[in-house]
Amino acid sequence: MTALAKRSPIWHPFTQHQTEPSFKKIIRTDGAYLTDEDGQRIFDAISSWWVTTHGHRHPRITQAIQAAAERFDQVIFAEYSHHLAEEVAEGLIDVAPPGMAHVFFSDSGSTSVEVALKMALGFFSNRRAPRSSIVVMEHSYHGDTIGTMSTGARGVFNSTYEPLLFDVERIPFPEPGEEQRSIDALEVHCQTRAVAAFLVEPLVLGAGGMKMYPPRLLAEYRRITAQYDTLMIADEVMTAWGRTGTLFACEQSGITPDIMCLSKGLTAGALPLAVTLCTPEVFEAHLSDDRARMFFHSSSYTANPIACAAALANLEVWRDEPVLTRIQNLADLHHDQLEALRLNPRFVNVRQQGTIAALDLSVQAKGYLSETGQKLRSFFRSKKLLIRPLGNIIYLMPPYCATAEDLNLAYATINEAVDNI
Ligand SMILES: *Cc1c(COP(=O)(O)O)cnc(C)c1O
């Protein structure tokens, strides 16, 4: 009983508490490293679930948070505004794909996607031509709320909640050689003129298995949605802030979506914050003398000033520091290491997009719940390396301050891992 009584009351995310070993407490974060209660330094090779961009506790961001906390806590965001949110919004519009004009604040990636879906339905409803059908890509992930689970791939993650999920249309992932099937499927759906929005992760499908497709296809999808007045929602929650090699993944296709969702790296990983950007058309569809046409959404912590201060400092880091050079160096390091792994027959689908590197371990048991993933994870943990494979898919998505030494060690450990399990 005493052992049980000592157990933490915390219920952790994506955790089977029956089998998970005890949790090590992290007592400090610095750069690319986490320090645990035993003083071990762990290389954070997945940026603490993809949020940390420059590195943990970038001094400029930490200082901005401290300064904001001296003056602000939460401030109601209807009826009132504050300069930090205003400057973040201006700064985002300056760097976003041309045509993005309005910024709606919320507090998580899932919420930013929910907001995007509601904006899309509101756009058509307010124009007295309602549309409610949503098209998504196979293997996509857009969050864990009921609405975003509905739009994501169905599987073990959400089968329990299936009775509550709404239907969406799905187009095939553009596997190499099968691209046209995917493009044609989108066109067939859009031709019905019933599709409010095509919701898509640009260039990399993250939680669905780090599946990658080339920029020219995103441009094709954009051409089709524009042709049939379907809104395109770019879910850049994971792909933005340099992950794919450019500030936003959409840049590589030269496109502007109608609606764009940002969260994870928005504060460089320091504090929770999200935004949904949109074009003037989407915003203006909600303008009316009729109050019933306003946009009905709010989170209690909308545009939290301290989180906004972190986002503003992040924009300044992007403006003043050679972030894209760091990203290119990281991408080059991945490239060289992956070339070597391509020669190893135990790895298949070796792939890279900017700072994200992924490969599949060729094993019988695939899938998120496969034993392979668990074994790999505990091997990595024993080597002070934070990597969480998605089943048999191993990926690295380190903070941009990671050094060649950090990366080389991570790759050496991956090689060692496959020999050990
Ligand atoms: C992580 C993620 C989300 C959800 O963000 P949360 O902040 O975890 O709610 C949505 N879309 C994509 C593409 C993501 O990677």
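The tail of the calculated P(r) for region 268-327 beyond 17 Å holds 60 percent of all Cα-Cα pairs.
Using R₀ = 30 Å, calculate the FRET efficiency as 1/(1 + (r/R₀)^6) where r is the Cβ-Cβ separation of Glu321 and Gln40; round to 0.05.
Between Glu321 and Gln40 the formula returns 0.55.
Using 0.36 nm times the number of residues separating Lys25 and Val188, minus their current alpha carbon distance, what extension gain do you get?
53.6 nm
Quick check: from the Cα gyration tensor, does region 1-150 come out rounded (a/c under 1.5), prolate or oblate? Write down the numbers at each step before the final one.
On the way: a/c = 2.16, a/b = 1.42, b/c = 1.52.
Oblate.
In whole angstrom, region 376-421 maps to an equivalent ellipsoid with semi-axes of 18, 12, 9, each derived as √(5λ) from the alpha carbon gyration tensor and ordered largest first.
From the Cα gyration tensor of region 133-211, with a ≥ b ≥ c the square roots of its eigenvalues, which class applies: rounded if a/c is under 1.5, or else prolate if a/b is larger than b/c, or else oblate?
Numbers: a/c = 2.16, a/b = 1.25, b/c = 1.72.
It comes out oblate by the Cα gyration axes.
The residues of region 31-169 expose on average 48 square angstrom of accessible surface per residue, using a 1.4 Å probe on protein heavy atoms.
Expressed as cubic angstrom per residue, what is the convex hull volume of the alpha carbon set of region 188-284? The partial results should precede the final answer.
Details: hull volume 10.7 nm³, N = 97.
With only Cα atoms used, region 188-284 gives 110 Å³ per residue.
Solvent exposure of Thr372, expressed as accessible area, is near 20 Å², computed with a probe of 1.4 Å over the protein chains only.
Accessible area per residue for region 280-353, computed on protein heavy atoms with a 1.4 Å probe, is 55 Å². In the complete set of protein chains, residue-level accessible area for Ile76 is approximately 110 Å², probe 1.4 angstrom.
To the nearest 500 deg cm²/dmol, what mean residue ellipticity at 222 nm is calculated for the chain from DSSP H runs of n ≥ 4 alone, each contributing -39,500 (n - 2.57), summed and divided by the residues? Show your work: numbers first, answer last.
Working: 13 runs with 154 residues, N = 421.
Roughly -11500 deg cm²/dmol at 222 nm, from the helical runs in the chain.
Calculation over all alpha carbon pairs of region 61-114 in 10 angstrom steps from 0 returns a P(r) of 18, 44, 35, 3 percent. Note on Glu79 and Thr145: the model spin-label points, each 7 Å out from Cα along the C-beta direction, lie 2.4 nm apart. I need the fraction of alpha carbon pairs in the chain separated by more than 34 Å, rounded to a whole percent. Here the tail beyond 34 Å accounts for 32 percent of pairs. Note on region 230-370: Rg/Rh from C-alpha atoms, Kirkwood Rh, equals 1.08. Taking the centroid of alpha carbons for each part, region 84-115 and region 1-66 are 28 Å apart. Exposed loop sites here mean GluC sites (Glu not before Pro) with a DSSP loop assignment and at most 14 other beta-carbon atoms within 10 Å; the chain contains its longest site-free run at 179-421.
Mean-square fluctuations from a GNM of the chain, with a 10 angstrom spring cutoff on Cα atoms, peak among Lys384, Lys25, Lys118 at Lys25. Of the whole protein surface, Asp336 contributes about 100 Å² of accessible area at a 1.4 Å probe radius. Report the Cα centroid-to-centroid distance between region 164-239 and region 371-421 in angstrom, as an integer. Rounded to whole Å, the Cα centres lie 31 Å apart.
Can you tell me the FRET efficiency between Glu87 and Trp11 if r is taken as the Cβ-Cβ distance and R0 is 51 Å, rounded to the nearest 0.05?
On the way: r = 37 Å, r/R0 = 0.73.
Using R0 = 51 Å, I get an efficiency of 0.85.
In this model, which of Lys6/Lys375; Lys211/Lys264; Lys118/Lys264; Lys211/Lys383; Lys211/Lys375 are farther than 24 Å apart at the alpha-carbon? Result: Lys6/Lys375; Lys211/Lys383 exceed 24 Å. Per-atom-type breakdown for the chain gives carbon and sulfur 54% of the accessible area (1.4 Å probe, protein chains only). Remark: the Cα gyration tensor places region 67-195 in the prolate category, a/c being 1.5 or greater and a/b exceeding b/c.
The values are calculated or read from the model by the stated rules, or taken from the named source; none is laboratory data. Not measured: the values here are computed from a predicted model. We place every Cβ from the backbone using ideal geometry, glycine too, and count neighbours over all the protein chains shown. Heads up: the accessible areas ignore ligands, DNA and RNA and are worked out on the full protein's heavy atoms, side chains in. Shrake-Rupley method; radii C 1.70, N 1.55, O 1.52, S 1.80 Å.
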